[in-house]
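The structure appears right after this line, and notes come after that.
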Amino acid sequence: MQRFLYCAAPLLLGLLSGCNEPLVGPELVVVPAGLANYHLPGSSDVQEEALQEFSIMRRQVSQAEYAMCVDEGDCPALETAADERVAQLPAVGLSWQDANAYAAWLSRRSGHRYRLPRHGEWVLAAASAYIDEAPTVDDPNNPARRWLAEYAQRANRERLPETLKPFGGYGSNEYGLLDAGGNVWEWTDTCFSRNAGDFCGIRIAAGRHPSVLAEFERDPTSGACSVGQPPTHLGLRLVRDD
């Protein structure tokens, strides 16, 4: 398995500044071309997205990896409870803005272009780990019935435990992707908006079910912008384009 390689001596001395050797990025899995089918929150329409082959991280970004970005001044520091540095646990307590800062840092330090996946890409990569829940009620003459049914559906979902598991604790899917159905939801770059425009402040976090959250949200349990049962944790997994 590939791992991050960086200047060992400066790290031992606690001096990460000035360490400019390229990083060897995380292990990737290749997802073959295919169709991603899914429902978005609040919609009874099936979204069908044709996708080309792409490469995505086998696991989520770790606490130790995100901490490196913080130490080099490119990523915002996390809240105290989330500011850990364990190499085998996912980094959580991340906003969409934090996730993009990390992607930009990793791209610069590795020489490869990393980015957040689109929601359709995440669904295709998650494969059997993703459970698409269609609305239980769909009355075109009374949309309120569908909204109420969907709210009840979300509120009744099983709440996953908050304790983080080491990578692989929630298993792997047919592509070798780890923990796609676990207790860490992953930011995507997909905007949740009925009117596409230049500005988007609401994004989709992907997991066992899609969740709609503000870009600045780090704690999904605060209920600021989440509807129904919120994600347990927010983390990230990146696509590599080159």
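Treat the count of other C-beta atoms within 10 Å as a stand-in for reagent exposure and order Leu160, Leu40 from fewest to most. All intermediate terms of the calculation are to be shown ahead of the outcome.
Details: Leu160 18, Leu40 15.
Lowest count first: Leu40, Leu160.
Starting with the fewest neighbours, write out Trp96, Trp187 ranked by other beta-carbon atoms found within 10 Å of each beta-carbon. Can you show the working numbers first?
Values: Trp96 25, Trp187 28.
Final ranking by Cβ density, sparse to dense: Trp96, Trp187.
Just to confirm a number: summing +1 for Lys and Arg and -1 for Asp and Glu over residues other than Ser128 whose beta-carbon lies under 13 angstrom from that of Ser128, what do you get?
-1
Give the distance, in whole Å, between the Cα centre of segment 68-121 and the Cα centre of segment 178-192.
14 Å
Work out how far the C-alpha atoms of segment 41-90 reach from end to end along every principal axis, then list the three figures in whole Å, largest first.
Extents along the principal axes, in whole Å: 42, 29, 22.
Residues with beta-carbon under 9 Å from that of Trp96, excluding Trp96: net charge, scoring Lys, Arg +1 and Asp, Glu -1?
Neighbour charge sum, excluding Trp96 itself: -3.
Pick out, in residue order, every one of the trypsin sites (Lys or Arg not before Pro) in segment 57-104 that is DSSP loop and has at most 15 other C-beta atoms within 10 Å; say none if there are none.
Arg85
For every other residue with a beta carbon closer than 14 angstrom to the beta carbon of Phe216, add +1 if it is Lys or Arg and -1 if Asp or Glu, then tell me the sum.
Local net charge: -3.
How would you rank Phe54, Phe199, going from fewest to most other Cβ atoms within 10 Å of each one's own Cβ?
Numbers: Phe54 19, Phe199 6.
The fewest-first ordering by Cβ neighbours comes to Phe199, Phe54.
Laboratory data are not the source of any read-out in this text; all were calculated from the coordinates shown. All of these numbers come straight from a predicted model, not from anything done at the bench. For neighbour counting, all protein chains shown are included, and Cβ atoms are generated from backbone atoms with ideal geometry for every residue, glycine included.
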